[in-house]
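Note sheet for the following structure.
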Amino acid sequence: MNRPTAHSTAPRRAANPPARRFWAGLLAFCLLLALPLAGCSRAPKRYTTVWFDLFDTVTTVVGYAGSEAEWEAQTQALYADLLALHQLFDIYHHYNGIVNLYDLNQTAAAGPVAVDARLFGLLQTAADLAGRTGGKTNIALGPVLALWHEARTAGLEDPAAARLPDQAALSEAAQHCAIEDLVLDAEAQTVFYADPLLRLDVGAVAKGYAAELAARAAGERGLASALLSLGGNLRAIGQKPDGKPWTGGLENPLDPGGEFLCTVDLAPGESLVTSGDYQRYYEVNGVRYHHLIDPDTLAPAGWCHAVCVLTDDSGRADGYSTALFCTPPEEGLRLVEATPGLEAAWVLPDGSLQYSSGFARRAEAAA
């Protein structure tokens, strides 16, 4: 409310020094009282939000905001971004108004199909990773993965009737998994399948790529302090308000939910992504078969229990974690040490740990 202005008709006199000192002192005292209160009102508070309907996994966002309303606005925008990416990268469902991976798998063999820039970027990233990993990360493995997915789904629904995919069918499907048959036209932003039986499955990179895009957008909107976990794909947005980093950990695949085997501090923009054999699996005759399929053997890889990758891009981290899981650890270690900005840790079959040199330093520093 505006206060009325008072006018005095009395002659002006020199200010009374004691009175001036009194009012100045009182004003200073009031300001001292007000400063802590103002500081408290601006102090960010910690919030947590969880979603269960994205990428067939649990998504958690922990972070800080000046108010609940600010946090709600930020997380609602983050959810909208992730939901849009979930729909774009979905291979099982069609959505009105968009061309997604399901649509590409149905139509891209008939001719080039124009797609959203986010979907095109995912396919470019995945194709690049295929070359860098000797084909161990291969989104063109869809025909093989579909047979394993069908067998795993049936086995989970009826464990007594659980079976392995037919080996002859797997061998036939593998004839249509060449990443070279994925034709990407960057200028026209179109996708074409040179093999009519090619089918893409982006499970090896999609969650990480989505986490990276969504986290960048959230940062640009002003979300300054958060840790996004998309099915265990961790992506740091800024750091905590006190200047401390966000921390991620390597879960023990032999004791899921127990203590972390090691932890690392994440710099702003860094990601920690783990691929393991202990979450998505089914059993046949008492033997566990997980979802990470080696393109060379067409069967679940057995080189380790888990691989944890640390790098500055979540999509890249996701793709490399899949590739390293399907690679002999000694060979994988050589690949990591030769790749700038990439670090990794392995949980070997006997439960022991193998670190890249940089990961070992980061884990030791966080201990």
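The values are calculated or read from the model by the stated rules, or taken from the named source; none is laboratory data. What you see is a predicted model; the values in this text were computed from it and never measured. Quick reminder, even Gly has a Cβ in these numbers, built from the backbone with ideal geometry, and neighbours come from all protein chains shown. Please note that ligands, DNA and RNA were not included when accessible areas were found on the heavy atoms of the full protein model with its side chains. Shrake-Rupley method; radii C 1.70, N 1.55, O 1.52, S 1.80 Å.
For residues that are part of a loop (DSSP other than H, G, I, E, B), closer than 30 Å to THR60 by Cα and open to solvent by 10 Å² or more (accessible area, probe 1.4 Å), tally how many sit in the range 171-214. Looking only at that region, the number is 3. Output the residues belonging to the range 236-258 that are touching a Gly at 6+ places or on another chain (Cβ under 8 Å) and touching a residue at least 40 places away in the same chain (Cβ under 8 Å). Selection gives ILE237, GLU251, ASN252, PRO253, LEU254. Look at the range 292-310: where a residue is farther than 17 Å from PRO143 by Cβ and a partner is open to solvent by 10 Å² or more (accessible area, probe 1.4 Å) and aliphatic (A, V, I, L, M), sitting 6+ places away or on another chain with Cβ atoms under 6 Å, you get ALA301/LEU292; CYS304/LEU348.
Please tell me if GLU343 is open to solvent by less than 50 Å² (accessible area, probe 1.4 Å) and either within 18 Å of the chain's Cα centre (by Cα) or without any contact (Cβ under 8 Å) to a residue 24 or more places away in the chain (or both). First the steps, then the outcome.
Numbers: open to solvent by less than 50 Å² (accessible area, probe 1.4 Å): yes; either within 18 Å of the chain's Cα centre (by Cα) or without any contact (Cβ under 8 Å) to a residue 24 or more places away in the chain (or both): yes.
Considered against the rule, which asks whether it is open to solvent by less than 50 Å² (accessible area, probe 1.4 Å) and either within 18 Å of the chain's Cα centre (by Cα) or without any contact (Cβ under 8 Å) to a residue 24 or more places away in the chain (or both), GLU343 comes out as yes.
Residues in the range 277-291 that are buried (at least 16 other Cβ atoms within 10 Å of the Cβ), without any contact (Cβ under 8 Å) to a residue 40 or more places away in the chain and in a strand (DSSP E or B): HIS290 only.
Sort through GLY315, GLY248, GLY269 and tell me the only one that's assigned to a helix (DSSP H, G or I) and within 14 Å of the chain's Cα centre (by Cα). I'd like the intermediate steps shown before the answer.
Working: GLY248 fails: assigned to a helix (DSSP H, G or I); GLY269 fails: assigned to a helix (DSSP H, G or I).
Selected residue: GLY315, the only one of GLY315, GLY248, GLY269 that is assigned to a helix (DSSP H, G or I) and within 14 Å of the chain's Cα centre (by Cα).
Does GLY302 fit the bill of being out of contact with any Asp or Glu (no Cβ under 6 Å at 6 or more places or on another chain), assigned to a loop (DSSP other than H, G, I, E, B) and at positive phi? Even if it seems obvious, please write down each step before you answer.
On the way: out of contact with any Asp or Glu (no Cβ under 6 Å at 6 or more places or on another chain): yes; assigned to a loop (DSSP other than H, G, I, E, B): yes; at positive phi: no.
When the stated conditions are applied, GLY302 does not pass them.
Table: residues versus (1) in contact (Cβ under 8 Å) with a residue 60 or more places away in the chain; (2) closer than 19 Å to ASP318 by Cβ.
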site: LEU88; (1), (2): no, yes
site: HIS94; (1), (2): no, no
site: ASP103; (1), (2): no, no
site: THR107; (1), (2): no, no
site: ILE139; (1), (2): yes, yes
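Could you say whether any residue in the range 222-229 is surrounded by fewer than 23 Cβ atoms within 10 Å (Cβ to Cβ) and in a loop (DSSP other than H, G, I, E, B)? Checked the range 222-229: at least one residue is surrounded by fewer than 23 Cβ atoms within 10 Å (Cβ to Cβ) and in a loop (DSSP other than H, G, I, E, B). Sub-9 Å Cβ pairs linking a first residue in the range 201-214 that is within 20 Å of GLY269 (Cα to Cα) and in contact (Cβ under 8 Å) with a residue 40 or more places away in the chain to a second residue that is of a type in the set (Asp, Glu) and surrounded by 24 or more Cβ atoms within 10 Å (Cβ to Cβ), at least 6 apart or interchain, are VAL205/ASP318; ALA206/ASP318; LYS207/ASP318; GLY208/ASP318; TYR209/ASP318; ALA211/ASP318; GLU212/ASP318, ordered by first then second residue. Look through GLU283, GLU251 and report the one residue that is at pLDDT below 95 and of a type in the set (Asp, Glu). Just one listed residue meets the conditions, GLU251. Answer yes or no as to whether LEU156 is open to solvent by 70 Å² or more (accessible area, probe 1.4 Å), in a helix (DSSP H, G or I) and either out of contact with any helix residue (DSSP H, G or I) (no Cβ under 6 Å at 6 or more places or on another chain) or basic (Lys, Arg) (or both). Judged against the criteria, LEU156 is a match. Filtered by the rule that a residue be more than 19 Å from TRP71 (Cβ to Cβ) and either open to solvent by 10 Å² or more (accessible area, probe 1.4 Å) or of a type in the set (Val, Ile, Thr) (or both), the range 235-249 gives GLY243, LYS244, PRO245, THR247, GLY249.
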